[in-house]
Amino acid sequence: MTDTTAMHTITLMPSGRQFQAQAGETVLGAALRNGVVLPYSCKNGTCASCKCRLREGAVEYPYNPPEALELEDLGEGFGLSCQAVPASDLTIEAREIEQVADIPVRMWPARVESLERFTSEIVRLRVKLPRSARMQFLAGQYIDILMPGGKRRAFSIASAPSEADFIELHIKHVDGGGFTGHVFSDMELKEILRIEGPLGTFFVRKTSDRPMIMMGGGTGFAPLKSMIEELIECEDRRPLTLFWGVAQASDLYAADLIEDWTHQRPDFDFIPVLVHPDDGWKGEQGFVHEAVLRTFPDLAPFDVYMSGPPAMVHTARSAFLDAGVTETHLFYDSFDFAPDVPPAKI
């Protein structure tokens, strides 16, 4: 009989590192509490960023098997560390992320400094931390906005880490969304928000010398913007192609900024992709991951970074692996309006 009410020891392969999970605590929650950073993104089981292989022991999923975990994954011994609760001592095979391990995650008060409509459905929200505070983060990470009742809403940081004064977020209106409804209807300047961060393991691997492909869907552009601005600042010269998939041309809300990037970085290419092209559109159209594969049928030489809705990331991940990219060179951040689930110990 499995037991989720006792403490259990978790052993990581191949490092052999061990740590303890408290009763009812997820594998990821236990790892982070012990200073061990494993890959993760959404923390609600929709993205598969935290997928790991269970070598020994057993886990349980208190809120049913996660959306991103398929039956064949379960059969092959895979699990999602953000949802899996140890039911015995475990040995798991998972990558440790060393670069974010020393960045402190903190709660901060943040003051609303500006609200700007990019489109009728997307707002740029800029918030400012207290004068004496400075959030250290890696380009690509995100923050949680803390709401009453223990609810959280995750938003990628769109500003570069070098931005000292503000944290920029790109927020899409979601029907029925409590926080996004507030942003679009009655949020006021100088309002104080509570945030926690930085979070996530989505960031550019700077030790690599491989050419990069970045693919964003909708406001999945936000963390890629942070990454690209940092790469420009540090004069990184790896060839980089950005694919941005949106519904129609008017949704390319950062087209002017991207045009500036093409002048600052000669080895940068931008390929917009429209699901519903306007009359006269001569560029790529359809699903953005298919445009990537039309342009680069063989992905083996590339580091690939993608960010956007879970359905896009899930479909693209499978297609990109088939096109030759390996798991160690494929990085992604998957986000969407998350359902309210009972908070796990994480």
query: Among Val273, Val325, Val246, which one moves the most in a GNM of the chain with springs linking Cα atoms closer than 10 Å?
result: Val325
- prompt: What ranking of Cys234, Cys82 comes out by heavy-atom accessible area, probe 1.4 Å, highest first?
  reply: Cys234, Cys82
- request: Give me the percent of DSSP beta bridges within the chain that run antiparallel, rounded to the nearest 5.
  value: 55
task: Using a 1.4 Å probe and ignoring any ligands, DNA or RNA, find the accessible area of Arg317 and quote it in Å² to the nearest 10.
output: 50
- line: Residue span Asp267 to Lys206: 0.36 nm per residue of separation minus Cα-Cα distance leaves a gain in nm of 20.3 nm
- prompt: Which angle between 0 and 90 degrees, to the nearest 10, do you get for helix 255-264 versus the longest principal axis of the chain when only C-alpha atoms count?
  reply: 90
task: On a 0 to 90° scale, report how tilted helix 221-233 is relative to the longest principal axis of the chain, with both axes built from alpha carbons and the result rounded to the nearest 10.
output: 80
- line: Mean-square fluctuation maximum in Gaussian network of the chain, Cα pairs under 10 Å, restricted to Lys225, Lys282, Lys43, hits Lys282
- prompt: Measuring from a point 7 Å past the Cα of Thr11 along Cα-to-C-beta, which residues in the stretch 95-120 have an amide N at less than 18 Å?
  reply: 95-96
- request: Show me 201-212, 66-77 ranked by packing, highest mean number of other Cβ atoms within 10 Å first.
  value: 201-212, 66-77
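Could you check how much of the accessible area of the chain is carbon and sulfur, as a whole percent, using a 1.4 Å probe?
C and S atoms contribute 51 percent here.
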task: Any chance you could look up the accessible area of Glu121 with a 1.4 Å probe, heavy atoms only, rounded to 10 Å²?
output: 70
Percent of C-alpha pairs per 10 Å bin, the stretch 213-346, short to long: 12, 42, 34, 10, 2, 0
- prompt: Rg and Dmax of the stretch 51-209, Cα atoms, in Å?
  reply: 18.8, 52
query: (i) 32, 25, 19; (ii) 71, 21, 18; (iii) 47, 20, 18: which one is semi-axes √(5λ) of the Cα gyration tensor in Å as calculated from this entry?
result: (i)
- request: Counting residues in the stretch 178-278 as N, plug N into 2.2 N^0.38 Å and put the Cα Rg over that result.
  value: 1.28
field: Backbone HN-Hα couplings from phi across the stretch 94-100 [Karplus 6.51/-1.76/1.60, Hz, Gly and Pro as x]
entry: 8, 7, 8, 9, 6, 5, 9
Crossing angle, helix 310-322 versus the chain [Cα axis fit, 0-90 degrees, rounded to tens]: 80
- prompt: Roughly how many Å² of His289 are accessible to a 1.4 Å probe, to the nearest 10?
  reply: 20
Pairs from Lys43/Lys225; Lys51/Lys206; Lys225/Lys282; Lys128/Lys225; Lys206/Lys282; Lys128/Lys206 whose Cα-Cα separation, in the structure shown, is over 26 Å: Lys206/Lys282; Lys128/Lys206
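The values are calculated or read from the model by the stated rules, or taken from the named source; none is laboratory data. In this text, all values refer to a predicted model and were calculated from it rather than measured experimentally. Note that each Cβ is placed from the backbone with ideal geometry, even for glycine, and that neighbours are counted across all protein chains shown. Just the protein is used for accessible areas: all its heavy atoms, side chains included, with ligands, DNA and RNA removed. Shrake-Rupley method; radii C 1.70, N 1.55, O 1.52, S 1.80 Å.
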